[in-house]
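Asks: Dropping the structure in here first, questions after.
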Amino acid sequence: MGYHRLRIEEREEISRLLVVGVSVRGISRLVKRAASTISREIQRSDRGQYRAVRADRQAWRNARRRRLGKRKIGSNQELEEMVFQKLMLRWSPQQIAQWLRETYSSSAMHLSAESIYTYVYILPRGALKRELIKTLRHGHRKRRKQGRSRAGRPCNLEGMLSIEERPAEVVERIVPGHWEGDMLIGGRQAQSALGTLVERTTRTVLLVPLKNKTAKEVRQAFAREMRRLPKQMRLSLTYDQGREMAEHKLFTKQTKIKVYFAHPRSPWERGTNENTNGLIRQFFPKGTNFRNISRKEIKRVQHLLNERPRKTLNWKTPYETMNQLLQ
């Protein structure tokens, strides 16, 4: 078995045994650690002044210094500050890594996305680490694999147009103006919701404040947002079979936007929207009461999402891509 750093419980035991005068070898037998390990631990501080908590904190600081010291970000304050600033704007490590490469010619200011993840997760426990982990897309305390997307809620809406009827220009993202939509649900008690719309070609995001989850409210709120767009950006909408889209025929009549419905339990058919919902959850975690979030704050988050460089857009932002297509 490989060596494992002393735990706080072991350090507390060492401290107690030292107080009652147990020898190094005696402590070694009781703690089940090598005598050399116990000796080194005690030698780091005066024998009569050894304190478990103090020794544990010092060990964490030393470990962090060793690990960060071997990495570029640990020895470059300017680089560390730039990474921190972008993380606080909810940029992903991949976005930050690409932005650094395009912004700085010097390799001293270049990092891989993996190096940024490592920088966050090797920080010692504390407020800074918790704050930076929250900026990551899923905010997991430990790195883990992504889970599967949840299934849709089929309800056989009247007069549905199947996703199979979409023209080729939608499937192949040939022209902009084709959207995917969904609704993020707030806390169970609040029964609040937020509408999400994302354009398939430019990845432009629209966040739609909703008063409730009724079909009428969703239809009216979505229609108001979509009517603000240029005519050429209002062509189609792909949605799951949620009951909130029960008034899709009236929505199409009011906006001239055709609504296509994905197959039941097939969230990958609206992959762009599913991915975008994950980005939005960085700002509004599960359980958020959207009734307590102002329209101004919702639109601020919308702006931040559309100002992010995206890999799929060759590291342009959705705003830049849409403006280019509309010229």
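Asks: Of the residues G278, G287, which single one is surrounded by fewer than 20 Cβ atoms within 10 Å (Cβ to Cβ) and at positive phi?
Replies: The conditions single out G287.
Asks: Looking at (1) over 27 Å from E165 (Cβ atoms); (2) in contact (Cβ under 8 Å) with a residue 60 or more places away in the chain, which is the only condition H303 fails?
Replies: H303 satisfies every listed condition except (2).
Asks: Return yes or no: is Q146 over 23 Å from L235 (Cα atoms), among the polar types (S, T, N, Q), modelled with pLDDT under 80 and more than 22 Å from the chain's Cα centre (by Cα)?
Replies: The answer is no for Q146.
Asks: Among the residues of region 211-249, write down those that are closer than 25 Å to R291 by Cβ and exposed (fewer than 15 other Cβ atoms within 10 Å of the Cβ).
Replies: K211, N212, K216, R224, R227, R228, R243
Asks: Out of all the residues in region 287-327, which are touching a Gly at 6+ places or on another chain (Cβ under 8 Å) and not hydrophobic (A, V, I, L, M, F, W, C)?
Replies: G287, T288, N289, R291
Asks: Among the residues of region 35-46, is any within 30 Å of S115 (Cα to Cα), at pLDDT below 75 and not basic (K, R)?
Replies: No, that holds for no residue.
Asks: In region 77-121, how many are exposed (fewer than 15 other Cβ atoms within 10 Å of the Cβ) and touching a residue at least 24 places away in the same chain (Cβ under 8 Å)?
Replies: So the count comes out to 5.
Asks: Evaluate region 302-320: report whether one residue or more is in contact with an Asp or Glu (Cβ under 6 Å, 6 or more places away or on another chain), closer than 22 Å to R101 by Cβ, part of a loop (DSSP other than H, G, I, E, B) and of a type outside the set (G, A, S).
Replies: Yes, there is a match, as at least one residue in region 302-320 is in contact with an Asp or Glu (Cβ under 6 Å, 6 or more places away or on another chain), closer than 22 Å to R101 by Cβ, part of a loop (DSSP other than H, G, I, E, B) and of a type outside the set (G, A, S).
Asks: So, in region 156-178, of the ones that are of a type in the set (A, V, I, L, M, F, W, C) and either modelled with pLDDT under 50 or surrounded by 14 or more Cβ atoms within 10 Å (Cβ to Cβ) (or both), which residue ends up nearest to R270 (Cα to Cα)? Steps first, please.
Replies: From region 156-178, those of a type in the set (A, V, I, L, M, F, W, C) are 157, 160-161, 163, 168, 170-171, 174-175; that's our starting set.
Keeping just the survivors that are either modelled with pLDDT under 50 or surrounded by 14 or more Cβ atoms within 10 Å (Cβ to Cβ) (or both) gives 157, 160-161, 163, 170, 175.
Working: L157: 18, M160: 16, L161: 15, I163: 10, V170: 12, V175: 17 Å.
The selected residue is I163.
The values are calculated or read from the model by the stated rules, or taken from the named source; none is laboratory data. This one's a predicted model, so the numbers in the text were calculated from it and none came from an experiment. Counting neighbours? That spans all protein chains shown, and the Cβs are built from the backbone with ideal geometry, glycine included.
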